[in-house]
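The values are calculated or read from the model by the stated rules, or taken from the named source; none is laboratory data. Since this is a predicted model, take the numbers as computed values, not measurements. Neighbour counts run over all protein chains shown; Cβ positions are idealised from the backbone, glycine included.
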């Protein structure tokens, strides 16, 4: 298993958190949340985080799209039904036209997984540079570890 910065395991280092319900159908035959369901739980947390970013931004620029270029999930411990999972998120890196969202999933106070997602800002012509205003808004959500 890859080594992680211990700061990634501390929920206090993430500026955003949301609770996501687990479902019985998320379980595999061994009784823990399966890997596909964990990816979906991270997606649910990431979508809520992105919605907060858009609310902060007040509006989306016409023609602008945010596309996922990469998702990496690392499973650290088993998750179980019926306890909810808290997904925490923050901005890990800001590039020219992309940024990384770093997330962690916690159940009953234990970090059970980490997720890194690269988002690219695009329009009809391809990748588009992040504006100075949006960069400042992203910086307001930087991971604090």
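Annotations for the structure displayed:
- Residues in region 87-130 that are surrounded by fewer than 17 Cβ atoms within 10 Å (Cβ to Cβ) and more than 22 Å from residue 44 (Cα to Cα): 95, 96, 97, 123, 124, 125, 126, 127, 129.
- Residue check, residue 119 closer than 16 Å to residue 135 by Cβ, at pLDDT 95 or above and touching a strand residue (DSSP E or B) at 6+ places or on another chain (Cβ under 8 Å): yes
- Qualifying residue in region 50-72 (condition: on the phi < 0 side of the Ramachandran plot, modelled with pLDDT of 95 or more and in a loop (DSSP other than H, G, I, E, B)): no
- Count of region 119-130 residues, restricted to those that are free of Cβ contacts under 8 Å to residues at least 40 places away in the same chain and not in a strand (DSSP E or B), is 3.
- Matching residues in region 10-38 - criterion: being assigned to a loop (DSSP other than H, G, I, E, B) and surrounded by 17 or more Cβ atoms within 10 Å (Cβ to Cβ): 14, 22, 32
- Test for residue 62: is it surrounded by fewer than 13 Cβ atoms within 10 Å (Cβ to Cβ), within 18 Å of residue 34 (Cα to Cα) and more than 14 Å from the chain's Cα centre (by Cα): no
- Here residue 136 fits the description: without any contact (Cβ under 8 Å) to a residue 40 or more places away in the chain, surrounded by fewer than 16 Cβ atoms within 10 Å (Cβ to Cβ) and farther than 30 Å from residue 31 by Cα.
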